[in-house]
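In what follows, a structure is listed as structure tokens, so that the remarks can point back to it.
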Amino acid sequence: MRPIKIEKLTKIYPKFFGNSTKAIDNVTMSVEQGEIFGFLGPNGAGKTTLLKMLAGLLYPTSGQIWILGQTMHSFSAKQSMGFLSENPSFYNHLSGFELLDFASALFGMPAEKKTKRINALLQKVGLGESGNIRISDYSKGMIQRLGIAQALVNNPELLILDEPLSGLDPIGRKEFKEIILSLKEEGKTVFFSTHILADVERICDRVGILHKGKLLRIGELNILLSERQRSISLSFKPSEHRKTPSLPDAKLTAEGYWNITVNGEKLQKVVASLLKDGAHIISIIPETVSLEDFFVSEIEKNET
Amino acid sequence: MKLRTIILNTFKEAVRKKLLLIVIGFSLLLLAASGVLVPLSLGEESKIIMDFGLGSISIFGILLAILIGSQSVFNELERKTIYFIISKPVRRETFIIGKFLGLLLTFTTVIFILVVWFYVILFVLTGLHPASILISVFLSYLEIVIITAFCIFFSTFTSPIFSSLFTFLLFVVGRLAPDIQLLASKTANPFAHFSLQLVYYVIPNLSNFNVRGMVVHSELVSHNHILFTIAYAFIYTIILLVSSSEIFRRKDL
């Protein structure tokens, strides 16, 4: 059973005047058990719309969603799911502890288990000292931490988090990543949206890229990145009897070496030619493709 | 369990509002100030004070229902706190009923405080403490129940300003229901007659809930009238809550 399965999902926001907006356009995808899935996309891509449909807050125009093998809005699915909305807002008249108590009651948790669980969660998200402070006095980062705690209150099998890293400082982000990785170790599935690519690169098993409501790419991060033809930077010193190398594209660097950038296919030929000429090879360094480069190029490709 | 949690949260949220404390404080002061009417009452002080007190309780109850009731659901949508609840295993209908009952719990508490205070004032000023006052208060409370249900209903699809406005207009027209029927019976124009009759039958006849005059003049309020009014309020409220739940169930949040 896949924790999330989406088939031909479309969401159109109708307008009384003018054209309707297609926020999600025929998306089909699934998330595997126990993986951390990063859902990427620029602002307005439709990430929040899709996540809100997963949480049962929005109704799809067409298509199907299965959460933990159950159809959308199923109680048993929601019982095992945790959700954090983008820029969450909670009841200002409650304290952090009271909010988690409220959340536990909505899951029907027995009273004797609640207090222990809530205190452990407050500690886990770094609010151990602030549990009795009213939410109206919380900072943005504290609210985000509380949001993560309320999503974990029912010990969910599946976590759906919309931009969970926004509002967190670098320490908060590090702690959040540790929490996510510890959840993975417990066998839980995490599906989260973000536009902070550096964080995705470090913790996600797979990513999906959404743009203008369409799912552009989906797959394992290292496989997606390796699809890109990597260029290789080669530095060398020509033989003593040649002042300039035979390679016309080579450029002289400030350090006095020559440098040429070639693709993987040509590398063998270039190296063989240089060695034949008696050149001394200083270094061969593959230029890595970052997720950011990949992300931008995928978006640009779709734009054109 | 879940319903109780939502009821209690709505109650906690309402009682921690400054607006509620201001209205309660003002009502208590106004009831206490009813003593100034004694010199003007020409020997009818108990009737004047009872009329003034019961009228104040009714009007402040309605005012609270409109001001707090019309914000309650809307604020959850506006501040997105609704995501916290609906993403959990909670039916949308449970949320609506919970908000409604939470508001009623708040208003019941307020009315209780006002009634106790009113009895104290009445006893101090006139030495009377008639039980018949409770009949008038009870029927006024049923009117507040309907008004609250209307606030919830309007809140599911409009902003607090429109919700307050619609509910207030409905309250005014509802109180004038017998006059509307009278006007309809005297109108010759068939279209105007039909329109007035339609308004009369669609809006709640809130004059049924006003037995203040009878209580003040020590007239007996018949059991039939009380039972009819209870059933009337119950049916109206159920229809409004079912409609609100249905609208809310289909709503994109």
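Computed from the coordinates by the stated procedures, all read-outs in this text should not be read as laboratory data. A quick note: this is a predicted structure, and the numbers were derived from the prediction, not measured. Every residue, glycine as well, gets a Cβ built from its backbone with ideal geometry; the counts of neighbours run over all protein chains shown.
Here the simple spin-label model places points 7 Å from the Cα toward Cβ, and for B:Ala231 and A:Thr253 these points are separated by 9.5 nm.
The calculated 222 nm mean residue ellipticity attributable to helices in chain A amounts to -10500 deg cm²/dmol, summing -39500 (n - 2.57) over DSSP H runs of n ≥ 4 and dividing by all residues. In nm, give the distance between the simple-model label positions of A:Ile282 and A:Asn155, each being 7 Å from the Cα along the Cα-to-Cβ direction. The modelled label-to-label distance comes out at 6.0 nm. Mean partner shielding of peptide A:71-82, defined as the number of other chain Cβ atoms within 10 Å of each residue Cβ, is 2.
Please give the net charge around A:Pro238, taking every other residue with its beta carbon less than 15 angstrom from that of A:Pro238, where Lys and Arg add +1 and Asp and Glu add -1. My count for the surroundings of A:Pro238 gives +1. To make sure I understand the rule: partners must be aspartates and glutamates, Cα under 20 Å from the Cα of B:Lys12, and not fewer than 8 residues away in the same chain. Which ones qualify? Partners within reach: A:Glu98, A:Asp101, A:Asp137, B:Glu76, B:Glu78.
Run the helix sum for chain B: -39,500 (n - 2.57) per DSSP H stretch of 4+ residues, divided by residue count, reported at 222 nm to the nearest 500 deg cm²/dmol. When only DSSP H runs of four or more count, the value is -27000 deg cm²/dmol. Relative to the longest principal axis of the Cα atoms of chain A, the long axis of helix A:264-276 makes an angle of roughly 30 degrees.
If R0 is 51 Å, the Cβ-Cβ spacing of A:Asn43 and B:Lys186 corresponds to a FRET efficiency of close to 0.25.
Can you give me the angle between helix B:92-126 and the longest principal axis of chain B, using Cα atoms only, in degrees from 0 to 90, rounded to the nearest 10? In chain B, helix B:92-126 runs at an angle near 20 degrees to the longest axis. Could you give the distance between the Cα centres of region B:223-246 and region A:131-167, to the whole Å? Centre-to-centre (Cα) distance: 41 Å.
Distances between every pair of Cα atoms in region B:120-198, grouped in 5 Å steps from 0 to the bin holding the largest one, split as 3, 13, 13, 13, 14, 14, 13, 8, 5, 3, 1, 0 percent. Distance between the C-alpha centres of region B:110-162 and region B:26-93: 7 Å, rounded to the whole angstrom. Decide, for region A:206-283, between rounded, prolate and oblate: order the square roots of the alpha carbon gyration tensor eigenvalues as a ≥ b ≥ c, take rounded if a/c falls under 1.5, and otherwise choose prolate if a/b is larger than b/c, else oblate. Since a/c reaches 1.5 and a/b is larger than b/c, the shape of region A:206-283 is classed as prolate. Counting only other chain Cβ atoms within 10 Å of each residue's Cβ, the peptide A:84-92 averages 5.
Taking a ≥ b ≥ c as the square roots of the eigenvalues of the Cα gyration tensor, chain B is oblate, since a/c reaches 1.5 or more and a/b is not larger than b/c.
Looking at the protein assembly as shown, the DSSP beta bridges with both ends there are about 65 percent antiparallel.
Note on A:105-113: average number of Cβ atoms from other chains within 10 Å of each residue's Cβ is 4.
Only Cα pairs under 8 Å and 6+ residues apart enter the sum, and on that basis the relative contact order of chain A stands at 20 percent. Label region B:158-252 by shape, choosing from rounded, prolate and oblate, from the square roots a ≥ b ≥ c of the eigenvalues of the Cα gyration tensor; if a/c is under 1.5 it is rounded, and otherwise prolate applies when a/b is larger than b/c, oblate when it is not. Taking the square roots of the gyration eigenvalues as a ≥ b ≥ c, region B:158-252 is oblate. Placing a pseudo-label 7 Å from each Cα along the Cα-to-Cβ vector at B:Ala33 and A:Leu267 gives an inter-label distance of 8.8 nm.
When chain A is described by a simple charge dipole with +1 on each Lys and Arg Cβ and -1 on each Asp and Glu Cβ, the residue from A:Leu58, A:Leu121, A:Leu181 located farthest towards its positive end is A:Leu58. Taking a point 7 Å from the Cα of A:Ala198 along the Cα-to-Cβ direction, the residues of region A:23-47 with backbone N closer than 18 Å to it are A:41. When the listed pairs A:Lys52/A:Lys214; A:Lys8/B:Lys80; A:Lys11/A:Lys188; A:Lys184/B:Lys88; A:Lys114/B:Lys2 are checked against a 19 Å cut-off, the alpha-carbon distance exceeds it for A:Lys8/B:Lys80; A:Lys11/A:Lys188; A:Lys184/B:Lys88. If you run the Gaussian network model on chain B, springs between alpha carbon atoms under 10 Å, then out of B:Glu76, B:Glu93, B:Glu44 the most flexible one is B:Glu44. Using a Gaussian network model of chain B in which every pair of alpha carbons under 10 angstrom is joined by a spring, one finds that among B:Leu182, B:Leu21, B:Leu30 the greatest mean-square fluctuation is at B:Leu182. Pairing the Cα long axis of helix A:140-152 with the longest principal axis of chain A, what angle in degrees results, from 0 to 90 and rounded to the nearest 10? Computed tilt is about 70 degrees.
When chain B is treated as a GNM with alpha-carbon contacts under 10 Å, the residue of B:Pro89, B:Pro130, B:Pro204 showing the greatest mean-square fluctuation is B:Pro89.
Under a model in which nothing but the beta-carbon of Lys, Arg (+1) and Asp, Glu (-1) is charged, the protein assembly as shown shows a dipole of about 600 debye around its Cα centre.
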